[in-house]
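Nothing in this text is a laboratory measurement; each read-out follows from the coordinates by a stated rule. No experiment lies behind these values; they were computed from the predicted model shown. Cβ sites come from the backbone with ideal geometry, for glycine too, and all protein chains shown count toward neighbours.
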Amino acid sequence: MPLHLAGTGVNVISLLWGLLDVAFLFALLLHQAGSRRSSRASLFCVFEDLIRYGKTKLGLQRPAWLHCFDVPKRWFSHFYFVSVIWNGILLWLLLQSLLLGFEIPAWIRSWLHFLNCDMQQQVPGGELSAVMALTLLWVHGVRRLMECLFVSVFSTGVIHLVQYCFGLGYYLLIGLTVFGHYQLDSRTGKIVNMNHAVPSGDWFDRVSCPHYFAELLIYVSIAIIFGLWNMTWWLVVIYVLFNQALAALLCHQFYHEKFDSYPVNRKAFIPFLF
């Protein structure tokens, strides 16, 4: 029997994305409330350690035992290795099924059945939409992997082990979410220093984290591919909105604390709004 809420039409994969939406909205609000109160309670310290990574952990008073859960921030590249491999496999299977009539492997069908992907809102031309969305996700993964390997300069920053495991799981789930829309039968240079500097130019004149805003726009564009009315994907978009808003806010606060001359009219995440 597939796991679902009987009589409600709510499927597991939509429920998962809905819970993630609520969790990251709660994390965003809790961080804002705690920041105003300058809370130093032990539980709040654990919470802050969970949501911060890289430069945003600098200056955070952390108990020694929390360092046991640190992994290098350069491991971010693992997320995109997973994305390229996993979404590449799904895209290959989908194209084989569509063009050559090959059967989707049973273990993929079992996972889709468990997640009730067959209960998702279907869109006209769902197969083509799934191919386009998976292709965009795969290309995005390749671009981010190349950035991690050949462009990004990773310092000694860390991420929490929970964040690392969550990131790996995210890229597995996002691929299955897209795949479920398919109707099944049953630049490089020499490094000068490692110091942070105030970015400027283009979108950086409007927001502190335009790369996070661009990430959101990617997922909104996929929503357009799915026809704007697909509820499951909009839950994904809302998750990305809250997740990236929290990360952008932490970076924004870091810049304001570190640089006295940081532009006061620059927003954190969305130009002119937030």
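Tabulated values for the structure
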| read-out | value |
| --- | --- |
| Interchain or long-range residues, amide H under 5 Å from GLY180's placed H | none |
| Footprinting exposure proxy for SER42, SER155 (fewest neighbouring C-beta atoms within 10 Å first) | SER42, SER155 |
| Principal axis box of the range 200-246, alpha-carbon based, largest edge first, Å | 36, 21, 10 |
| Rounded to the nearest 20 debye, dipole of the chain from Cβ charges on Lys, Arg, Asp, Glu | 1000 |
| Of every Cα-Cα pair in the chain, the percent that sits beyond 34 Å | 25 |
| PHE150-SER221 pseudo-label distance in nm [points 7 Å out on the Cα-to-Cβ vector] | 2.0 |
| Computed label-point distance, nm, for sites THR135 and SER261 using a 7 Å Cα→Cβ extension | 4.7 |
| Point-to-point label distance, PHE69-GLN96, nm (Cα→Cβ direction, 7 Å offset) | 4.0 |
| Fully extended contour minus Cα-Cα distance, from TRP107 to VAL46, at 0.36 nm per residue | 18.2 nm |
| Taking HIS181, HIS252, HIS67, HIS196 and counting other C-beta atoms within 10 Å, the order from fewest to most | HIS67, HIS196, HIS252, HIS181 |
| Packing-based exposure ordering (other Cβ within 10 Å, fewest first) of VAL151, VAL264, VAL178 | VAL264, VAL151, VAL178 |
